[in-house]
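Trainee: The structure follows.
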Amino acid sequence: MQPFGFATAGRIVFGRGQFGEAAEMAASLGRRVFLVHGASGRHIAPFLEAGKARELEVTCHACPAEPDLFLLAEALTVARNHGTECVVAIGGGAALDLGKAVAALLPAPGDPIDHLEVVGKGLPLERQPLPCLAVPTTAGTGAEVTRNAVIGVPEHGRKVSLRDARLIPDIALVDPALTDGAPRAVTLGSGLDAVTQVIEPYLSTRATPLTDAICRSAIPKGLKALARLMATEDPDARDDLAYTSLCGGLALANAGLGAVHGLAGVIGGAVPTAPHGAVCGVLLPHVLAANRIACNDKTRFDEVDAAIRSALGTSDLAGWASDQGLPSLSAIGVTPKMHADIAEAALASSSMKANPAELPVGRLQEILATAG
């Protein structure tokens, strides 16, 4: 067996009702709290109320969109003026990424872009990040246990990662009840992202026995939960999808991803309004098909296909997702004239490095065309 490592949050708490303990967890990290939340902030009131009883001094900061350098600089200024001792992020992947980035960069000297991949210098952090508590309110990105934060750089038309093992939050609190009643489109897109993030690490060239164990059970669980939620609201299915999302974060942080996210990251920079989960969902079946052709060993692809067929009643994942309302790439805003540039840029992404097969630019363009 090849040597491997595994890094994750210092503490993971999972279960319905656990959000009630969030203020106490935050108090264990610091008294002056910088709270990053999603645009609506619909889940923060209970935290703020409980925080009063623990004498927390909380400054709230909304993350109205997927974070870019401007939003990050603004958040850092507010957090610095607050005298922040710890960061709490409550929301979807965007809010969690912004919170993690603030926690990492607030103690760091220099320009944030110096630490970004691709468009920056990719420098490691010089100082330990502030303590961070991450609470996801969607089941998709697994950002509560990942070692990166995705930041848009509009002048380059890219979304890239701030990446360091110390970005993994100190505490990841996953309460599936926070995802109850999420809109159908959000559930579909984020759910497909969650499923993608247990499939890609399972097929990754960096897969380990530990990430395999996580993904092997999560793949069918996530697919079945998503299928159930497309039919009706179901707390048990919400629990399973939240668990799948957590598993995806654990797996990708240690085994990497693949061409789906390699392409999706570039698309997110080229079309800032493109919902990340929907992009991953529409790309997944076509990337799976391309990788299957390129790989000699089909065993794991057969396992993934069997899980899809069992959960959805069909092997046609693309057709099923379309029937549920998933838009095509062109409907999301990816035009054919963009395909060549997206494919070329994707080859330089960190996610592509773990893809199970080398996919040349021409093949990536074919994937985009088929998904369009």
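The values are calculated or read from the model by the stated rules, or taken from the named source; none is laboratory data. As the structure is a computational prediction, the values presented were derived from the model and not from experiment. Ideal geometry is used to build each Cβ from the backbone, glycine not excepted, and the neighbour counts take in all protein chains shown. Please note that ligands, DNA and RNA were not included when accessible areas were found on the heavy atoms of the full protein model with its side chains. Shrake-Rupley method; radii C 1.70, N 1.55, O 1.52, S 1.80 Å.
Trainee: In the structure shown, do any of 100/353; 100/121; 52/159; 100/298 have a Cα-Cα gap over 26 Å, and if so which?
Mentor: 52/159; 100/298
Trainee: Bin all alpha-carbon pair distances of the chain at 20 Å intervals from 0 and give each bin's fraction as a whole percent.
Mentor: Going from the shortest bin to the longest, the percentages are 32, 59, 9.
Trainee: Additional query: Suppose we keep just the DSSP beta bridges with both residues in the range 107-187; what percent of those would be antiparallel, to 5?
Mentor: Just about 80 percent of them are antiparallel.
Trainee: Of all the accessible heavy-atom surface of the chain, with the other protein chains kept in place and a 1.4 Å probe, what percent is carbon and sulfur?
Mentor: Carbon-and-sulfur percentage of accessible area, whole number: 52.
Trainee: Let me ask something additional. As a test of the formula, what do you get for the chain when each DSSP H run with n ≥ 4 contributes -39,500 (n - 2.57) and the sum is divided by the residue count, at 222 nm and rounded to the nearest 500 deg cm²/dmol?
Mentor: Result for the chain, helices only: -15500 deg cm²/dmol.
Trainee: Given axes a ≥ b ≥ c from the Cα gyration tensor, I'd like to know whether the range 94-231 is rounded (a/c under 1.5), prolate (a/b larger than b/c) or oblate.
Mentor: Here the range 94-231 falls in the prolate category.
Trainee: Find, among the GluC sites (Glu not before Pro) in the range 54-97, those assigned to loop by DSSP (not H, G, I, E, B) with at most 13 other beta-carbon atoms within 10 angstrom.
Mentor: Passing sites in the range 54-97 are 55.
Trainee: Who wins for biggest fluctuation among 60, 295, 86 in a Gaussian network model of the chain, springs between alpha carbons below 10 Å?
Mentor: 295
Trainee: Could you calculate the contour length gain from residue 114 to residue 70, that is, 0.36 nm times the residue separation minus the distance between their Cα atoms, to one decimal place in nm?
Mentor: Taking 0.36 nm per residue and subtracting the Cα distance, the gain is 14.4 nm.
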